[in-house]
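A.B. asks: Sharing a structure here in structure tokens format.
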Amino acid sequence: AQSVTQPDARVTVSEGASLQLRCKYSSSGTPYLFWYVQYPRQGLQLLLKYYSGDPVVQGVNGFEAEFSKSNSSFHLRKASVHWSDSAVYFCVLSARHSAGNKLTFGIGTRVLVRP
Amino acid sequence: DPKIIQKPKYLVAVTGSEKILICEQYLGHNAMYWYRQSAKKPLEFMFSYSYQKLMDNQTASSRFQPQSSKKNHLDLQITALKPDDSATYFCASSQEDWGQDTQYFGPGTRLLVL
């Protein structure tokens, strides 16, 4: 069974501050992990993904995430947020080598960036 | 130009009626999917198709029927609509249907059942 937990439903940060969004996963096999972002009234856009190798992966718009197998985590970070980063962020898990590519989503973390 | 088109953008239906949600992708992908986003619930997987063949079905109800008339089309027919079906339905696609393939999402169809 697969599951994703995002413990923070809402996060408020000031513009220019750093941001960390937490994600814990549970997977019966080797995971593929993604972070997607959903801006208001839009679809989901991929920020970054982890398959293997370097546990720190770089994404778009200055985002990065760190995979930890020992902690079953895949936390997202950004050093300095902009007001346009206000959105909902989803941590997503996919099973490796499984036919029928089913994504398992976390509940999402709504980020509000204050000016 | 949008690469994944979903039509309509908004849809209002009455309980008991039937609707079809349209999805077309122009990414040249071989796998397509449907997901549902309901209020207060995580996005949930519904169906996956690969080369127009159903690969996985996680919906509990036969009222939801995917239809693939062309490789780049995956429509979703919903019959006997209920208020609980109110949600945003997202179509997605990926190059192949393996776990490592990135899925790209359409803008969604927001369905309201009265």
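The values are calculated or read from the model by the stated rules, or taken from the named source; none is laboratory data. Every value quoted in this text rests on a predicted model; they were computed, and no experiment measured them. Here the Cβ positions follow ideal geometry from the backbone for every residue, glycine too, while neighbour counts run over all protein chains shown.
A.B. asks: Could you please give the count of residues in the stretch B:33-51 that are over 23 Å from A:GLY108 (Cβ atoms) and surrounded by 17 or more Cβ atoms within 10 Å (Cβ to Cβ)?
C.D. replies: Counting residues in the stretch B:33-51 that are over 23 Å from A:GLY108 (Cβ atoms) and surrounded by 17 or more Cβ atoms within 10 Å (Cβ to Cβ) gives 2.
A.B. asks: Can you tell me which residues in the stretch A:67-85 are more than 20 Å from A:GLN2 (Cβ to Cβ) and under 14 Å from the mean Cα position of the chain (by Cα)?
C.D. replies: Within the stretch A:67-85, A:ARG77, A:LYS78, A:ASP85 qualify.
A.B. asks: Can I ask one more? I'd like to check something: does the stretch B:48-68 contain any residue that is farther than 21 Å from A:VAL37 by Cβ, of a type in the set (S, T, N, Q), touching an Asp or Glu at 6+ places or on another chain (Cβ under 6 Å) and within 11 Å of chain A (Cβ to nearest Cβ)?
C.D. replies: Taking every residue of the stretch B:48-68 in turn, at least one turns out to be farther than 21 Å from A:VAL37 by Cβ, of a type in the set (S, T, N, Q), touching an Asp or Glu at 6+ places or on another chain (Cβ under 6 Å) and within 11 Å of chain A (Cβ to nearest Cβ).
A.B. asks: How many residues, within the stretch A:40-66, are part of a strand (DSSP E or B) and within 14 Å of chain B (Cβ to nearest Cβ)?
C.D. replies: The total comes to 8.
Quick grid of which residues meet (1) touching a residue at least 12 places away in the same chain (Cβ under 8 Å); (2) part of a strand (DSSP E or B); (3) more than 25 Å from A:VAL4 (Cα to Cα); (4) within 14 Å of the chain's Cα centre (by Cα):
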{"site": "B:SER17", "(1), (2), (3), (4)": "yes, no, yes, no"}
{"site": "B:LEU21", "(1), (2), (3), (4)": "yes, yes, yes, yes"}
{"site": "B:HIS29", "(1), (2), (3), (4)": "yes, no, yes, no"}
{"site": "B:SER48", "(1), (2), (3), (4)": "yes, yes, no, yes"}
{"site": "B:ALA60", "(1), (2), (3), (4)": "no, no, no, no"}
{"site": "B:LYS71", "(1), (2), (3), (4)": "yes, no, yes, no"}
{"site": "B:LEU76", "(1), (2), (3), (4)": "yes, yes, yes, yes"}
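A.B. asks: So A:GLY53 fits all but one of (1) over 22 Å from B:PRO42 (Cα atoms); (2) in contact (Cβ under 8 Å) with a residue 40 or more places away in the chain; what number is the exception?
C.D. replies: In the conditions (1) over 22 Å from B:PRO42 (Cα atoms); (2) in contact (Cβ under 8 Å) with a residue 40 or more places away in the chain, A:GLY53 misses (2) alone.
A.B. asks: Restricting attention to the stretch B:18-32, which residues are among the hydrophobic types (A, V, I, L, M, F, W, C) and either facing chain A (nearest Cβ under 10 Å) or surrounded by fewer than 19 Cβ atoms within 10 Å (Cβ to Cβ) (or both)?
C.D. replies: Matches in the stretch B:18-32: B:ILE20, B:ILE22, B:LEU27, B:ALA31.
A.B. asks: Still on this structure, please answer the following. Would you check which residues across the stretch A:14-33 are within 14 Å of A:SER73 (Cβ to Cβ) and within 12 Å of chain B (Cβ to nearest Cβ) and list them?
C.D. replies: Scanning the stretch A:14-33 gives A:SER27, A:PRO31, A:LEU33.
A.B. asks: Out of the residues in the stretch B:65-97 that are hydrophobic (A, V, I, L, M, F, W, C) and over 15 Å from B:MET32 (Cβ atoms), state the one that is surrounded by the fewest Cβ atoms within 10 Å (Cβ to Cβ).
C.D. replies: B:ALA80
A.B. asks: Sticking with this one: Please find, within the stretch B:94-108, the residue that is nearest to A:TYR50 (Cα to Cα) out of those that are at the interface with another protein chain (Cβ under 7 Å from one of its Cβ atoms) and over 16 Å from the mean Cα position of the chain (by Cα).
C.D. replies: Per the stated criteria, the residue is B:GLN100.
A.B. asks: Listed residues A:VAL11, A:VAL37; which is more than 14 Å from every other protein chain (Cβ to nearest Cβ) and either surrounded by 17 or more Cβ atoms within 10 Å (Cβ to Cβ) or in a strand (DSSP E or B) (or both)?
C.D. replies: Of A:VAL11, A:VAL37, the one residue that is more than 14 Å from every other protein chain (Cβ to nearest Cβ) and either surrounded by 17 or more Cβ atoms within 10 Å (Cβ to Cβ) or in a strand (DSSP E or B) (or both) is A:VAL11.
A.B. asks: Only one of these conditions is not met by B:LYS82: (1) at pLDDT 95 or above; (2) farther than 28 Å from A:TYR89 by Cβ; (3) touching a Lys or Arg at 6+ places or on another chain (Cβ under 7 Å). Which number is it?
C.D. replies: (3)
A.B. asks: Also: Just need a number here: residues in the stretch B:81-114 that are over 24 Å from A:GLN42 (Cβ atoms) and not small (Gly, Ala, Ser).
C.D. replies: Result for the stretch B:81-114: 9.
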